Amino acid sequence: CGSSDSSSNAGSGGTMASGATGGSNAAGAAGHAGGAGAAGSGGAAGSGGAAATGGNASGGAGGSGAGGVAGSAGTGGSPLDDWLVQFGSDRADTLDWLRTDPQGNVLVAGTSGDSIAGEGVFGLADVFIQKRAPNGDLLWSDRVGSPYTDHAVGLEVGDDGQSYLVYDQSPEAFLQVRDEAGAITNTLPLDRFTQVNGYTRAASGRHVIQGTAADGPVVELYDSSGGYLWRYSLPGAARIKHAAASQKGDVYVIGNIAGEALPGSTPSAYSQYFVVKLDPSGNVVASRQYGAAMSNRSVGSAAIDPDGNVYALVNVTDQLPNYYDVYLTQPALDGTTSWSEHVTDTLDFVPKRLAFEAGRVIVSYNSLIEEPSGALHTDCEVQLWTPAGKLDSSRKLGTDMGDLADGYLSDQSLFIAGVTFGAFPSFTQLGQGDAFIARFGR
C-alpha cells in the first residue's frame, strides 16, 4: 500500500559508524549486502555501494556486506521534501522512538538483532540510536547492549541538541546522554528500579521515569544532571501508562487499576483509569479514578500538553458480546471530561501511541486491511486532532506485508516511523522486520 492523506551491563556503546551519503526527495533505495545501490527517482543506480547522484534524488548508498546493512537514503532535493528510508540488519529490527532537534535533525532509537551500520553487537537484541539530517542522510549510528535482550524505553532531545536515551536490560536500566556528535557524555544507572518502562523529559530538563520497584509501580523525578529528587509509589494493582511534567513542573501520572483504589477513591471489581497530579516536590495535588458500573474502562495510552491538560485513549468494554469502543478523551481532575470523541468500535482498528506535539494531539493506530485475494495485513494510520477534540487530518502508510508504526509531529514535519515486514517502493526487505522512517510536510 502507498501513502494517503486526507484533511559490564552498563551497556557501553560499540564503534560508532558514520553516515553514508545521501537523503532523498523520493527516498533513494537502501543497498543490501554490499550490492549495488538501487536508483532513486531520476538518479542513476549506485555501483558497489557508492551513492550515485543525479536527477532530483540520488540513488541510495549500498550497505556493507556484514549482516546485510542498509545504506542511507540518497541525497537530493530540498531538506524539507518528503522522504522515506528503510533500513536494518538481516534479523528482526524495530524502531520505537523518534525525536527532532532544533535544527531539524532526526534522532531515532529501537532494537536490532544484528549490526545496522557496522557497529559492534553485544547480545541477542541490542538498542540502536541514530541521527539523520533533515533530508534523511545518516549522520551517525551507534548501539548499546548486554548479552541478553535490551529495550529502548524512551528518547528525548534537548534544545542544545543533546540526546537522552533510556534503555532497559532487566533487572538493570540506564539513562545515557550523548552530545550532538553522538559521543556518550554520561551514563546514569537507574538502580532504584527492577524494571523501567517509561521515560519523558520536562521542559526544565528534569527526567520523569516510570517503572516497577520492589514495592510496586513507581514514578521517580531526577534533576537535569541525573540527581534523584523523589519517588511516588502506587498500589500494587496499578499499571502506569504515562507520566510527564507540565510547563510549570507539575507531574501527571495516568494509568489503570482494578480491585484496589488510590487514596480518596472507591475500589471496583471493574477496571478503572486514574489521573494523579503531583506538584514539583512530589506532593499529591489531586487524584481521581474514572469508571462506570458494569463496565471496564482502561487507558491504552495517554499524553500531557504543556498546560497540564490530559489526553487519553480510553477502551470501554462491558458484558455484552463484542461490545468494544475506544474514545479520545480529555479527563478533568474534578471527575468529569472536558470532551470525549468516539474513535472506533472495531478490533480491526488498534490504537497505539498518543502524544501531544507541535500543538496537536496525535493518535497512531494500526488498521487491518484485507486484500482482494483475501490476505490480511496491517497498515499504519496517524490522525491529528486539535486540543479541542476536532479531527484535523489523517495519513495512512504501509506495504502489502504488514507494518507497525507511530506518528511524530514537529512544527514543519509529520513523521511515521516503525517496522515493516515488507518493502516500500525502491527498497528491498533486509531481514525479518526492517525499521523505516517517512517524512511528510505539514
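The values are calculated or read from the model by the stated rules, or taken from the named source; none is laboratory data. Keep in mind the model is a prediction, meaning the values are calculated, not measured. In this analysis, Cβ positions are derived from the backbone assuming ideal geometry, glycine residues included, and neighbour counts consider all displayed protein chains.
Checked against (1) modelled with pLDDT of 50 or more; (2) of a type outside the set (A, V, I, L, M, F, W, C); (3) under 30 Å from PHE356 (Cα atoms), SER78 passes all but condition (1). Taking region 238-282 as the range and being modelled with pLDDT under 95 and within 24 Å of the chain's Cα centre (by Cα) as the test, no residue passes.
Of the residues making up region 343-368, those that are of a type outside the set (A, V, I, L, M, F, W, C) and closer than 16 Å to THR386 by Cβ are GLU357, GLY359, ARG360. Determine whether region 358-376 contains at least one residue that is among the hydroxyl-bearing types (Ser, Thr, Tyr), touching a Phe, Trp or Tyr at 6+ places or on another chain (Cβ under 7 Å) and either within 30 Å of GLY431 (Cβ to Cβ) or surrounded by fewer than 17 Cβ atoms within 10 Å (Cβ to Cβ) (or both). Yes: region 358-376 contains one or more residues that are among the hydroxyl-bearing types (Ser, Thr, Tyr), touching a Phe, Trp or Tyr at 6+ places or on another chain (Cβ under 7 Å) and either within 30 Å of GLY431 (Cβ to Cβ) or surrounded by fewer than 17 Cβ atoms within 10 Å (Cβ to Cβ) (or both). Of the residues making up region 87-104, one or more are more than 21 Å from LYS352 (Cα to Cα), at pLDDT 90 or above and in a strand (DSSP E or B).
Restricting attention to region 313-325 and to residues that are among the aliphatic types (A, V, I, L, M) and more than 17 Å from LEU384 (Cβ to Cβ), the residue that is surrounded by the fewest Cβ atoms within 10 Å (Cβ to Cβ) turns out to be LEU320. Per the conditions (1) modelled with pLDDT under 90; (2) of a type outside the set (Phe, Trp, Tyr); (3) outside any strand (DSSP E or B), the sole criterion not satisfied by LEU333 is (1).
Only one of VAL343, VAL350 is of a type in the set (A, V, I, L, M), surrounded by 17 or more Cβ atoms within 10 Å (Cβ to Cβ) and either modelled with pLDDT under 80 or under 14 Å from ALA312 (Cβ atoms) (or both); which?
On the way: VAL350 fails: surrounded by 17 or more Cβ atoms within 10 Å (Cβ to Cβ).
One residue alone meets the criteria, VAL343.
State whether the residues of region 257-277 include one that is touching a Leu at 6+ places or on another chain (Cβ under 8 Å), at negative phi, of a type outside the set (A, V, I, L, M, F, W, C) and outside any loop (DSSP other than H, G, I, E, B). Within region 257-277 (the criterion being touching a Leu at 6+ places or on another chain (Cβ under 8 Å), at negative phi, of a type outside the set (A, V, I, L, M, F, W, C) and outside any loop (DSSP other than H, G, I, E, B)), the answer is yes, since at least one residue qualifies. For GLU381, the test of being acidic (Asp, Glu) and surrounded by fewer than 20 Cβ atoms within 10 Å (Cβ to Cβ) is failed. In the set ASP126, ASP159, only one residue is over 24 Å from ASP434 (Cβ atoms) and either assigned to a strand (DSSP E or B) or not polar (S, T, N, Q) (or both); that residue is ASP159. Of all residues in region 197-221, those being among the polar types (S, T, N, Q) and out of contact with any strand residue (DSSP E or B) (no Cβ under 6 Å at 6 or more places or on another chain) number 1.
For region 339-391, the set of residues classified as of a type in the set (D, E, K, R) and on the phi > 0 side of the Ramachandran plot is empty.
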